[in-house]
Amino acid sequence: MTDRFCPRPEDLQGKRVGPLAPHTESFAALISQQGYCRTNGWQKVELVADLSRWLERRCIKLKQLDEQQIAAFFQARWRRVAHRSGDQATMSLLLRHLRQSQAIPVPSPTAGSEIDLVELDYGNFLLQERALMPVSVEQYVPIARRFLSHRFRSGKVRLKKLRAKDVTDFVLHDSSNRGRRSAQLMTTVLRSFLGFLFQRGRISTNLTAAVPTVAGWRLSELPRFLEPDQVEKVLRSCDRRKKVGKRDYAILLLLARLGLRAGEVAYLTLEDINWQAGELHIRGKGARVDRLPLLQDVGQALVDYLQKGRPDCSSRRVFVQCKAPYVGFSSPPNAICGIVRSALERAKVHSRHHGAHVLRHSLATRMLGNGASLAQIGQVLRHQLTQTTEIYAKVDLNALRALALPWLGGVR
């Protein structure tokens with residue numbers, strides 16, 4: 001069993017030095033909450049103590065501590081001490097902790113961060129006014145940044161100078177090395193971003209019409225899915241004797257049995273599980289909150305993980321990282337898709353599609369094969385539009401055979 005870092009106040013006596021002395025105990029408590037082992041915990045506390053001594057020797061006040069001072073500290077430290085991979089993460093955690101406790105000021109925007117300001121404003125707009133889920137905002141904002149960086153390479157943002165040609169030039173450049181779906185997402189986000197700029201008065205002409213359309217015919221593709229026996233094989237690939245196996249098995253069951261999206265699983269909190277009612281509260285697209293039944297095998301997997309696999313930590317997320325810091329996934333959708341990809345590889349199930357959505361499509365296809373209607377499938381998957389579910393009609397081979405005309409050259 002891992003020896004957790006749980007220092008007593010008297011253990012920290014020799015580490016309370018320099019300008020950071022008043023914050024040593026609270027930072028050590030934060031490290032302890034995040035579940036670091038004893039060795040790593042003391043390494044992080046010692047690093048902060050070294051930083052505090054360095055500040056004291058150079059007569060640098062605590063309020064002057066920022067990323068530039070941290071960089072100077074590391075430059076001096078690494079001349080005499082070997083570089084450890086977690087040192088920079090420790091300093092980032094320290095700065096965030098000090099800023100949250102108002103011990104040091106939040107850095108003010110500089111002239112060189114105009115793109116950052118526009119990006120921040122757009123992200124807040126998507127969250128507050130468009131009610132997009134954080135997972136969607138994480139997809140939208142980088143695309144808007146790519147557009148601004150492409151148009152304003154010098155870093156000086158002059159939105160009033162944006163013209164239709166700038167939009168088409170970016171689309172042609174950005175879509176040249178992307179797949180159809182990625183290019184379609186890019187144009188969707190670009191229309192949203194240009195509409196936001198026009199609404200805010202940042203541009204005088206609404207340039208959304210200047211965004212070209214990426215060719216793509218509705219229902220032109222078959223839904224990507226696994227056969228039922230392949231899904232079961234993927235689930236059995238998890239070694240449920242290990243903590244990480246218990247976690248991954250619970251995640252895969254939520255995807256395969258309830259058809260949840262990757263972000264919905266990643267952002268699930270302990271309060272979202274209603275054990276008495278046997279329900280899950282799911283925060284879906286458009287800030288919707290749906291209630292889904294907690295199926296028996298899903299519930300048992302969650303209980304097994306929460307009781308025997310989940311680290312003891314302060315995070316309210318159901319699923320947390322298996323190594324300290326014990327917090328929710330730093331890149332939630334990507335982390336869930338990575339778990340699916342690893343499970344497919346372990347099970348030796350070959351699929352062109354490795355994301356979490358393949359299990360959602362597999363559930364719909366299985367329901368269709370068992371006689372469920374498209375309306376019922378749409379209810380389970382929580383589709384807002386019936387047209388979204390129509391793609392699954394293409395895998396209902398029995399119904400399609402009844403509609404097919406006989407081939408003139410066939411055998412009578």
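Classification of the stretch 1-156 by its C-alpha gyration tensor yields a prolate form. The axis ratio a/c (a ≥ b ≥ c) is 1.5 or more, and a/b outweighs b/c. Across the stretch 68-108 the C-alpha pair distances fall into 10 Å bins from zero in the proportions 27, 49, 22, 2 percent. Other residues whose C-beta falls under 14 angstrom from the C-beta of residue 5 contribute a net charge of +1, scoring Lys and Arg +1 and Asp and Glu -1. Distance between the 7 Å Cα→Cβ label points at residue 173 and residue 82: 4.4 nm.
For the chain, the relative contact order comes to 14 percent (Cα pairs under 8 Å, sequence separation of at least 6). Once the convex hull of all Cα atoms in the stretch 38-123 is built, its volume per residue stands at 137 Å³.
Rounded to two decimals, the Cα-based Rg/Rh of the stretch 25-81, with Kirkwood Rh, is 1.01. In the context of the full set of protein chains, the stretch 132-286 has a per residue accessible area of 51 Å² (1.4 Å probe).
Pairs exceeding 28 Å between alpha-carbon atoms, taken from 44/246; 15/243; 61/323; 15/63; 242/348; 44/156: 44/246; 15/243; 61/323; 44/156.
Rg over Rh for the chain works out to 1.03, both radii taken from alpha-carbon positions and Rh defined as the Kirkwood radius. At 4 °C and 1.567 mPa s, grab the translational diffusion coefficient of the stretch 119-212 from Stokes-Einstein with a Kirkwood Rh over Cα pairs, rounded to a whole number in µm² per second. The diffusion coefficient I find is 96 µm²/s.
For the stretch 89-245, the direction-averaged projected area of the alpha-carbon convex hull comes to 15.0 nm².
Apolar share of the accessible surface for the chain: 52 percent from carbon plus sulfur atoms, 1.4 Å probe. Summarising the overall dimensions of the stretch 266-381 from its C-alpha atoms, the Rg and Dmax are 15.7, 46 angstrom. For the stretch 279-319, the ratio of Cα radius of gyration to the globular rule of thumb 2.2 N^0.38 Å stands at 1.36. Exposed loop sites are taken as GluC sites (Glu not before Pro) in a DSSP loop (any state but H, G, I, E or B) with at most 15 other beta carbon atoms within 10 Å; the longest stretch of the chain without one runs 222-412.
Dividing the alpha-carbon Rg of the stretch 196-344 by 2.2 N^0.38 Å yields what? Show your work: numbers first, answer last.
Values: Rg = 19.2 Å, N = 149, 2.2 N^0.38 = 14.7 Å.
Rg over 2.2 N^0.38 Å, computed on Cα atoms: 1.31.
Simple rule: put +1 on each Lys or Arg Cβ and -1 on each Asp or Glu Cβ in the stretch 25-124, find the dipole, and look at 31, 72, 52; the Cα lying farthest toward the positive end is 52.
The values are calculated or read from the model by the stated rules, or taken from the named source; none is laboratory data. None of these values were measured; they are calculated from a predicted model. Here Cβ is always computed from backbone atoms with ideal geometry, including for glycine, and neighbour counts include all displayed protein chains. When the accessible area is computed, the model is the full protein with side chains, heavy atoms only, and any ligands, DNA or RNA have been set aside. Shrake-Rupley method; radii C 1.70, N 1.55, O 1.52, S 1.80 Å.
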